[in-house]
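The values are calculated or read from the model by the stated rules, or taken from the named source; none is laboratory data. From a predicted model like this one, the values you see are computed outputs, not experimental measurements. Cβ sites come from the backbone with ideal geometry, for glycine too, and all protein chains shown count toward neighbours. Remember, those area values only see protein heavy atoms, side chains included, never the ligands or the DNA or RNA. Shrake-Rupley method; radii C 1.70, N 1.55, O 1.52, S 1.80 Å.
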Amino acid sequence: MNKIENTAHIKILFCLLLVTLLSMTNCMAQHKENAILKISVLEALMKEARNRSIDVTREESLLWFSKEFLKFADWDEANKPAIEKLFGYYGPYKNEKAKYAEELPDFERQKVIEILDKGIDNLKKVLNGSIVRRPVSKIDWENIVVEEDQFLSNGKPVFLFDYFSKSVGRSLTDKKVYNDHLGNIYHGGSRLYEVDQDRAINPFILNQDGTFNQEKLGYITEVPNTNVGFLILWNMGMPEWIHQQEPEVAKGRSLFTGFDVDNPLMRQVWSDVIRKAGELTKGKKVTQLGYILSNEPHWYSEKGHWSQNFKEMNDISSYTLNKFRNWLEKKYNSKIDALNRNWQSVFSDFNAVEIEIPIDKSNRGKPLWYDWCRFNMDRGIDWFTYLQNELHSANPDADTHIKIMPNLFTDDYRSHGIDLEALTELTSMIGDDAKAVAGRDLRWPDKPEKWESKYAYFWEELALSYDFMESVSPHKIHVNSETHFLSTSGWRDLNTSADYVRNVFWLATIHGMDAGISWFWARDPDGSPEDRLEGELSFFDPALAGSYAGSANMQPQTVNEVAQVYMDLNSFSEEVMALRKQRRPIRLFHSETSAINKKHHMSEQFELYESLYFEGFPLGYATEKIIKKQNPENWDVIVVYKTEFVTDAEFDALQSYLNRGGTIIIDHQNSLRKNEYGQKRQKHLEESNGNLILMEKEVAVAELKNKVLSLNSGNLPEVVLTESNGTPDKGCTWRVVKNPNGGYWMTILNVGKNSAKLQIQMKNGNSAISTDMLTGQQLGSAFELKSNGVLLLEIMGE
C-alpha cells in the first residue's frame, strides 16, 4: 500500500469511527453532522478510486445531491412558515401541514444519510473487487444526434432525462440547475414565470394588427444554440383582444386548451404564431426533441365527468356543431332518413341536427354516442393535422409530438376526443406523459387500488400504452415530456423507494422511452422554491399549486436514483436497445369501435394483456391500419378478445390478413359480430389461405393464453425463466435477446409485491449460468430478486 492510499485509509477509518459514535445517539440534531462526516468518507473513497483510475461518476452525482439537499434542509428549517403554506396547498397534506413542515428538514437529512450509506457501501465493494462496474457513458448534451428511432451521444444510443417546468425563472446556462445530475435539456421560455401570456410558443406573441411582439419573440430566440432541447406550444390562454373580437372563442375549451379548436379566428392566430416560431427556430438544437404541439389535450364531453366543474367545457360552439353536422352528412351519405333511423330522431335535414353536450352516459352503446365520440376524435385529428401542416409550411423538417395522457387510451372513457393511434401515426415522434404510482390515491386513501393486491406499483398505463404506441410507430423516437413516475395529482410519497424509481424508469425505457422529462423540479439553487411558488399562490395553473408538497423536491433518494439509473441505462445503452428492439410475435387486436361502445372494453382487454405480459417477449397490437400498412411478417398471430363491435373496414382488414396466410385466434363467436351501431353482422371470418382458430365456447383468460402460447411455442425465448413468489400470479417481466458475441442478454424487472425466487435454463433443457452485468457478480442459474428489483444479465448456456 503506498503512502497516499495509507493516508486515505486512516482518514476513512477515523471518519467511520466518528460516524459510528454519532449513530449511537438518538439526537436528531446530529443528523446534519452525521451526513457531513459521511460525505467526508465518500470523498476519501472517491479520491482513492481516482488514484486507481476507477470511474466515480456515479459518486459525483450522489455527492452533489447530498450537499444540495443538506442546503435545502437548512432553508426548509429556516423558512418553516413558507413550507407549511406549500404543504397546505395540497389537500391530503393540508390538515397536517404544520407537522409536515416541522419534520421535513430532518427527514431530508436522514434520506441524505441513507443514500450516502448505500453509496459508500457500493464504492467499498468496487474498491475491494467484489463489484465490477462499467464506467459511466456520460451524456454529451451539446452534441446529440437525432436518428430515425434513437438519440446518439458519442456514437452510441443515449437515453435523455431532465425535469419539466424546471426552476422557472433560472437561466438555461445556470449550471446549478442545468447539469449532468438534474439533466441539461434546454427549452423555450426559460425566463418566463408570470402567467400564461408570458410563455412561448403562444398567441401572446401576436399583436391584434398582425405584427409580432418582439420582446416575447425574444423568449423563443434567446435560447442558446448549444444543447439538445424542445419547444412547447402553450395553448391555455390568449390575449384579451381575441376575446373581444370573438366572444365564442372559449366555448368548448378544455383544461389546457383554452379555446375552441374549430374557431376560425383561433386557427388563423395559431397559423401565424406557429409559422413565425417555426421560421425563427428552424434547425436549432432546442428543437431536437421536437415541438410539443399540445399539453395534455382532451375534450371530455360526458355528464358526470370532473371537467364539468368548468362552465365553458360543458358546451360546444356553433362552429363545432356545424362541423359535426357536416361530418354526419358525409357519414350517412347525405341521407337524413338513415341518421333518423339510427338515432331514433326526426330531424328534417342535417342542418337541423342538434346534440346535447355534455352527453348523457346512458347513450353509450347507441348510435348517437358512437357518432359523437368518433367525430370528437376526428376533429382532434383535424386540429393537430392543421397545426403540424402550418409548422411544416415554415419548417418542413420540424419534428413534432403531442403530450398525450395515455390513460385516455388505457382507461374506459371515450368521450375525450383523443385517438391515440391516429395521433401517434401523425407526428414524427411519439409523445406522452405516462404515469405510474406506487401507492393509493391520497385523496381516497381508504379505497383499495386494484393493482395493489399483486404488484409493487401501478404499471398498466405505462406498459400497455407504450406497447400500443410502439406497435403503431415502431421506428420513431419516443419522448415522455412529463413523466409522472415520481408524483401525480393524486399520489406522492416522501418515502418513495429508490428501488421503485429504478424499476419504473428501466421499465419505461425497455418499453420504448428515449427521453423522460420528469414532473417536476422547482428548487432554486439556494434551496428556496422557484419564483412562482413564493408569496401568495394564485390558481392560474391548477397543476402547479399543490405539486410541490411531498414531491421529488423533498426527496434526495428519488432524484439521486433518477440520475443513477440513467447512468446505468446509458452505460449499457446498446444492450438495452437490443432488448427492446425485438419483434412482437403476438398481436392483440384493438378496435376503437368497441372501446367507444363498451363501458369496460379496455379493462377487459387488460386481462389478456396482463396474462401474457410475464412470458419473456414484447407484446404488440394489431389494428385495421397496422394490418393494412405494416408487414405481416412482423408477427405470428393476431388474438381477438371480447371485441364485439368493429366497423366493416376493421372486419375486412382481418379477413385480408387471413387471405394472405395469417393466423387469427378468436376468443368466442360473439367477437366481431356487430358493426359500430350494434347491428348484427351477417358475415363471418373465413379461413381462406390462413389459419382461423375460433374457441368453441367462452373461455377463461388463462385458457386463451395457453392456446396462444402453444401456437407460438417455436418463437418463444431461448432462455426460460421460472418464478416462485408465494402467490399464483407472476410478478417478473423479462426479455431476452442474443448477444452477438455469444450467449444472451436478459433483463428482469420484478414489478410484483413479493420477492421472487427465480430459476433460468435454456429452452432446450440445458442449464444456464448468469452474470449480473451491473455488478459483475455471478448469480448462477437460481437466485432471488426483491420486489422492485432490476437485473441486467449475461446468460451462457452449458
| said: So, in the stretch 335-359, how many residues would count as being exposed (fewer than 14 other Cβ atoms within 10 Å of the Cβ), in contact (Cβ under 8 Å) with a residue 24 or more places away in the chain and out of contact with any Phe, Trp or Tyr (no Cβ under 9 Å at 6 or more places or on another chain)? | reply: 1
| query | Out of ARG532, ARG523, which single residue is touching a helix residue (DSSP H, G or I) at 6+ places or on another chain (Cβ under 6 Å) and either open to solvent by 20 Å² or more (accessible area, probe 1.4 Å) or basic (Lys, Arg) (or both)? | reply | ARG523
| Of all residues in the stretch 23-54 being more than 39 Å from the chain's Cα centre (by Cα) and surrounded by 16 or more Cβ atoms within 10 Å (Cβ to Cβ), which is modelled with the lowest pLDDT? | GLN30
| task | With the checklist (1) in a helix (DSSP H, G or I); (2) out of contact with any Leu (no Cβ under 9 Å at 6 or more places or on another chain); (3) open to solvent by less than 30 Å² (accessible area, probe 1.4 Å) in hand, flag the one item SER415 doesn't pass. | result | (1)
| task | Run down ILE517, ILE477 and say which single residue is modelled with pLDDT of 95 or more, touching a strand residue (DSSP E or B) at 6+ places or on another chain (Cβ under 8 Å), surrounded by 24 or more Cβ atoms within 10 Å (Cβ to Cβ) and over 25 Å from ILE115 (Cβ atoms). | result | ILE477
| message | Of everything in the stretch 449-474, what is among the β-branched types (Val, Ile, Thr) and surrounded by fewer than 20 Cβ atoms within 10 Å (Cβ to Cβ)? Give them in sequence order. | response | none
| request: Kindly check whether there is at least one residue in the stretch 367-388 that is of a type outside the set (Asp, Glu), open to solvent by 50 Å² or more (accessible area, probe 1.4 Å) and more than 21 Å from ALA250 (Cβ to Cβ). | output: no
| query | If you go through the stretch 193-221, how many residues are at pLDDT below 90, surrounded by fewer than 20 Cβ atoms within 10 Å (Cβ to Cβ) and in a loop (DSSP other than H, G, I, E, B)? | reply | 3
| message | Looking only at the stretch 122-134, count every residue that is in a helix (DSSP H, G or I) and open to solvent by 70 Å² or more (accessible area, probe 1.4 Å) and tell me the total. | response | 3
| query | Which ones in the stretch 138-166 are of a type in the set (Asp, Glu) and either assigned to a helix (DSSP H, G or I) or buried (at least 21 other Cβ atoms within 10 Å of the Cβ) (or both)? | reply | ASP162
| Unmet criterion (only one of (1) assigned to a strand (DSSP E or B); (2) over 28 Å from the mean Cα position of the chain (by Cα)) for GLU103 | (1)
| Is it true that SER294 is of a type in the set (Gly, Ala, Ser), touching a residue at least 12 places away in the same chain (Cβ under 8 Å), crowded, with 17+ Cβ neighbours inside 10 Å and under 30 Å from ILE357 (Cβ atoms)? | yes
| Of residues in the stretch 222-252 being open to solvent by less than 50 Å² (accessible area, probe 1.4 Å) and in a helix (DSSP H, G or I), the one farthest from PHE384 (Cα to Cα) | TRP241
| Within the stretch 253-276, how many residues are open to solvent by 10 Å² or more (accessible area, probe 1.4 Å) and within 21 Å of PHE324 (Cβ to Cβ)? | 5
| note | If we take the stretch 519-619, then helices (runs of 4 or more DSSP H) inside it with 3 or more residues that are of a type in the set (S, T, N, Q) and under 27 Å from PHE505 (Cβ atoms) are 556-571, 601-612
| field | Total residues in the stretch 737-751, condition part of a loop (DSSP other than H, G, I, E, B) and surrounded by fewer than 22 Cβ atoms within 10 Å (Cβ to Cβ) | value | 5
| message | Please verify whether ASN333 is part of a helix (DSSP H, G or I) and either more than 14 Å from ARG253 (Cβ to Cβ) or under 29 Å from the mean Cα position of the chain (by Cα) (or both), treating the condition exactly as stated. | response | no
| message | Looking for something closer than 17 Å to LYS598 by Cβ and within 32 Å of the chain's Cα centre (by Cα) - is there at least one such residue anywhere in the stretch 622-638? | response | yes
| query | If we scan the stretch 752-766, do we find a residue that is over 28 Å from ARG58 (Cα atoms), assigned to a loop (DSSP other than H, G, I, E, B) and open to solvent by less than 50 Å² (accessible area, probe 1.4 Å)? | reply | yes
| task | Mind counting the residues in the stretch 768-787 that are loosely packed, with under 15 Cβ neighbours inside 10 Å and either of a type in the set (Asp, Glu) or farther than 22 Å from SER573 by Cα (or both)? | result | 4
| said: Looking at the stretch 390-403, I want the residues that are touching a residue at least 60 places away in the same chain (Cβ under 8 Å) and in a strand (DSSP E or B) and have a partner that is of a type in the set (Gly, Ala, Ser) and open to solvent by 10 Å² or more (accessible area, probe 1.4 Å) with Cβ atoms under 6 Å, at least 6 apart or on another chain. Which pairs are those? | reply: THR400/SER428
| request: Please work out if GLU723 is outside any strand (DSSP E or B) and more than 26 Å from MET567 (Cβ to Cβ). | output: no
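Okay, residues lined up against (1) surrounded by 14 or more Cβ atoms within 10 Å (Cβ to Cβ); (2) over 23 Å from the mean Cα position of the chain (by Cα); (3) of a type in the set (Gly, Ala, Ser):
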position	(1), (2), (3)
VAL112	yes, yes, no
VAL136	yes, yes, no
VAL168	yes, no, no
LEU172	yes, yes, no
ASN179	yes, no, no
ILE185	yes, no, no
GLY188	yes, no, yes
| field | Number of positions in the stretch 718-736 that are in contact (Cβ under 8 Å) with a residue 60 or more places away in the chain and either open to solvent by less than 30 Å² (accessible area, probe 1.4 Å) or within 12 Å of PHE614 (Cα to Cα) (or both) | value | 12
| request: Scan the stretch 748-791 for residues that are farther than 17 Å from GLU718 by Cβ and among the aliphatic types (A, V, I, L, M) and jot them down. | output: LEU749, VAL751, ALA756, MET773, LEU774, LEU779, ALA782, LEU785, VAL790, LEU791
